[in-house]
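Worksheet for the structure shown next.
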Amino acid sequence: MYMAIGLCLGVAFGTVLDNLPLGIAIGVAVGAGIDSSRSSKRKKDKEDAQEKLEFLGISDLKNRCYRDLSGGQQQRVLLARALCSASRLLILDEPVTGLDPEMTKEMYLILRRCIETYHMTVIMVSHDIRGVLKEASHILYLDKGRASFVGTKTDYIQENRVPLTERGFIL
């Protein structure tokens with residue numbers, strides 16, 4: 001229910017800046033009942049949203065409708081929204097799917113900056129093995145729903161789980 005409400009309200013109406021703090025407000029309303037102190041926090045939420053837009057280099061999009069943005073811009077807006085509602089942990093599901101190679105590289109750089117700037121842990125589901133191996137410190141590899149590897153990126157590569165061409169590509 002939380003995800004359905006968040007996605008419906010979070011991206012369908014209003015401008016980008018209007019929608020970023022919604023993830024926080026909806027999470028509070030659905031998860032813990034209506035918080036009467038939320039209205040006093042709306043200004044801080046808007047300021048936090050503006051800071052995240054600037055951090056991601058998309059503050060120029062703040063008055064645009066989400067539906068009118070490109071795929072890469074939408075991904076960054078969704079990341080900004082996640083950053084507004086998370087303090088230490090981001091869980092991302094296929095964050096580079098559908099992005100062109102240049103935007104994919106940029107998204108990985110953005111995620112690296114999030115980790116370094118906000119001291120966050122990122123858990124990411126991805127089929128982009130090359131990209132993940134460049135950026136990850138640890139790998140959980142699932143094969144047919146079962147964990148076939150859990151460990152460091154270095155161990156993953158040393159166990160020859162990466163085809164030779166990709167091993168040459170990463171190192």
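Test of understanding: among 134, 144, which residue is at pLDDT 85 or above and closer than 24 Å to residue 79 by Cβ?
Working: 144 fails: closer than 24 Å to residue 79 by Cβ.
None of the others qualify; the one that does is 134.
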For the range 127-161, what are the residues that are open to solvent by 50 Å² or more (accessible area, probe 1.4 Å), under 21 Å from the mean Cα position of the chain (by Cα) and of a type in the set (Val, Ile, Thr)? 129
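Residues of the range 79-94 being surrounded by fewer than 18 Cβ atoms within 10 Å (Cβ to Cβ) and of a type outside the set (A, V, I, L, M), which ones? Show your work before the answer.
Of all residues in the range 79-94, those surrounded by fewer than 18 Cβ atoms within 10 Å (Cβ to Cβ) come to 86-89, 91-94.
Matches in the range 79-94: 87, 88, 93, 94.
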Given the condition modelled with pLDDT under 90 and under 24 Å from residue 105 (Cα atoms), answer yes or no: does some residue in the range 57-66 qualify? yes
In the range 60-72, residues that are part of a helix (DSSP H, G or I) and surrounded by fewer than 17 Cβ atoms within 10 Å (Cβ to Cβ) total 4
Restricting attention to the range 112-131, does a residue exist that is part of a helix (DSSP H, G or I) and of a type in the set (Gly, Ala, Ser)? yes
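Any residue at all in the range 95-104 that's surrounded by fewer than 13 Cβ atoms within 10 Å (Cβ to Cβ), in a strand (DSSP E or B), out of contact with any Cys (no Cβ under 6 Å at 6 or more places or on another chain) and free of Cβ contacts under 8 Å to residues at least 60 places away in the same chain?
no
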All but one of (1) part of a helix (DSSP H, G or I); (2) touching a Phe, Trp or Tyr at 6+ places or on another chain (Cβ under 7 Å) hold for residue 80; which doesn't? (2)
Only one of (1) at pLDDT below 90; (2) of a type in the set (Phe, Trp, Tyr); (3) under 16 Å from residue 75 (Cβ atoms) fails for residue 108. Which number is that? (1)
For the range 112-126, state whether one or more residues are surrounded by 12 or more Cβ atoms within 10 Å (Cβ to Cβ), farther than 21 Å from residue 57 by Cβ and modelled with pLDDT under 90. no
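The values are calculated or read from the model by the stated rules, or taken from the named source; none is laboratory data. Note that the structure is a prediction, hence the values are computed from the model and not measured. For neighbour counting, all protein chains shown are included, and Cβ atoms are generated from backbone atoms with ideal geometry for every residue, glycine included. Protein only, heavy atoms only, side chains kept; ligands, DNA and RNA dropped before computing areas. Shrake-Rupley method; radii C 1.70, N 1.55, O 1.52, S 1.80 Å.
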